[in-house]
Amino acid sequence: MSREFEGRVVVVTGGSRGIGRAIVERFAAQGARVFFTYHQNEKAAAEVTAACQAEAIQCSQTDAAAIDAAVARVLAAAGKIDVLVNNAGITCDTFLMLMPPEDWNRVIDTNLNGAFRWCKAVTRPMLGARRGVIINIASIAGLVGVMGQTNYAASKGALLAFTRALAAELGTKGIRVNSVVPGFIETDMSARVPRQIKQKNLEHIVLKRFGQPAEIASVVTFLASDAASYIMGQSIVVDGGLTATAA
Ligand code: NDP
């Protein structure tokens, strides 16, 4: 694997498990100095720091002061932030009729407001450097209707719109902003989806299999690389063809 991120500083939110962990490991393997956040799973975070060169920071998406402190910590240690990957996210699925307002708020606050807080916190140092890359991890639930996920869909659909608007603001300042839109990827999050729903989705996935976290990580590192220097405000869907066909 090329060491093309040598000298670059990367922050990945929710890097202790699943897709975030794969992103952390790939950036680290490509030479980046990587910092990642986790919420509560200290053990999982320790496994990542044991597996690759990366530094863990406990920090909730919902705590603006903790996010500002995390950014300050990275800047004090590494002097800059070249890449931010807004990956941390949760689901709290149920039908709208049964959804307590707390579940609506928790998902929006973690997935959408958390990304807002992180972008706000890194924008100043990136503007100062007149360079940077922000990548938001959305979901196909933000593109197509998924039953039981009104809260999650709203957070991810808004993240896609947020990506485009932020790209319009930051493009002339040397900061590229894009989204990656995963389909069904095998992680702890998707393990909670009922078997019948998974089976139904599998029938519609053109590649006839679920994705692996590494297959999202490779797209994220591509988008962060100079090879993607003209990609701006876009969403790249990585779903094995699930949303590409009507049948
Ligand atoms: P996982 O549940 O496997 O991992 C979630 C990660 O986010 C963990 O590192 C977790 O930390 C962290 N996290 C959760 N809540 C918070 C919080 N409040 N503050 C900080 N960190 C938090 O999820 P996936 O890897 O599956 O998903 C990663 C991203 O990809 C999410 O944004 C998700 O919406 C998106 N996605 C996933 C898909 C899939 O099929 N898996 C499909 C489409 C999109 P800790 O370990 O401490 O709990």
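The values are calculated or read from the model by the stated rules, or taken from the named source; none is laboratory data. Just so we're clear, the structure is a prediction, and the values are computed from it rather than from any experiment. Here the Cβ is made from the backbone with ideal geometry for all residues, glycine too, and neighbour counts use every protein chain on show. Protein only, heavy atoms only, side chains kept; ligands, DNA and RNA dropped before computing areas. Shrake-Rupley method; radii C 1.70, N 1.55, O 1.52, S 1.80 Å.
Numbers at a glance
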quantity: Accessible surface of the chain, 1.4 Å probe, proportion on carbon and sulfur as whole %; calculated: 56 percent
quantity: Residue among 94, 83, 70 farthest towards the positive dipole end of region 16-118, charges placed on Cβ; calculated: 83
quantity: Per-residue HN-Hα couplings for region 191-203 [Karplus 6.51, -1.76, 1.60; θ = phi - 60°; Hz; x = Gly/Pro]; calculated: 5, 7, 6, x, 4, 5, 5, 4, 4, 5, 5, 4, 4
quantity: Å² per residue, accessible surface of the chain at 1.4 Å; calculated: 48 Å²
quantity: Straight-distance crosslink candidates among lysines, where the alpha carbon sits under 30 Å from residue 120 and sequence neighbours closer than 8 are dropped; calculated: 43, 80, 156, 173
quantity: Inter-label distance, nm, simple model (7 Å from Cα along the C-beta direction), residue 226/residue 193; calculated: 3.8 nm
quantity: Pair-distance profile P(r), taking every C-alpha pair of region 125-242, with 5 angstrom steps and integer %; calculated: 2, 11, 20, 22, 18, 12, 8, 5, 2, 1, 0
quantity: Cβ-Cβ FRET estimate between residue 147 and residue 41, R0 fixed at 25 Å, reported to 0.05; calculated: 0.30
quantity: About the Cα centre, charge dipole magnitude for the chain (Lys/Arg +1, Asp/Glu -1 at Cβ), debye; calculated: 360 debye
quantity: Dimensionless Rg/Rh of the chain - Kirkwood Rh, Rg from C-alpha atoms; calculated: 0.95
